[in-house]
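Visitor: Here it is: the structure, laid out below.
Where a number appears in this text, it was derived from the coordinates with a stated rule and is not lab data. Just so you know, these numbers come straight off a predicted model, no measurement behind them. With ideal geometry, Cβ positions are generated from the backbone for all residues, glycine too; neighbour counts draw on all protein chains shown.
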Amino acid sequence: MATGWARDGAVHEQIEASIEDELARLKARQAPSGESLSHCAECDEAIPEARRRALPGVKLCIDCQQERDSQVAPRGGINRRGSKDSQMK
């Protein structure tokens, strides 16, 4: 594959580095800690005992947690080379 001025394997290395960065970001997210709530902090539904034992410090019911997890957080539009992603397409 022709890569212009990039050395062989540079694109693959950039992809691997991006994946490693994202995995590190996900692993750095803090898990809930402390006392679990008996009722959801958002909808006030009861949180099942099994969930409270499985996840110490849980504050949300399953439905509210799934809704929160499905919301996509905005990410920066800068790639590893410091250029806008749109310029790389």
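Visitor: Between the DSSP loop rule and a limit of at most 13 other Cβ atoms within 10 Å, which trypsin sites (Lys or Arg not before Pro) in the range 8-67 are left? Write down the numbers at each step before the final one.
Guide: Numbers: sites: ARG25, LYS27, ARG29, ARG51, ARG52, ARG53, LYS59; in loops: ARG29, LYS59.
Here the trypsin sites (Lys or Arg not before Pro) that fit, given the DSSP loop and packing criteria, are ARG29.
Visitor: From the backbone phi of the range 21-28, what are the Karplus-calculated ³J(HN,Hα) couplings (6.51 cos²θ - 1.76 cosθ + 1.60, θ = phi - 60°) in whole Hz, Gly and Pro given as x?
Guide: 4, 5, 4, 5, 5, 5, 5, 7
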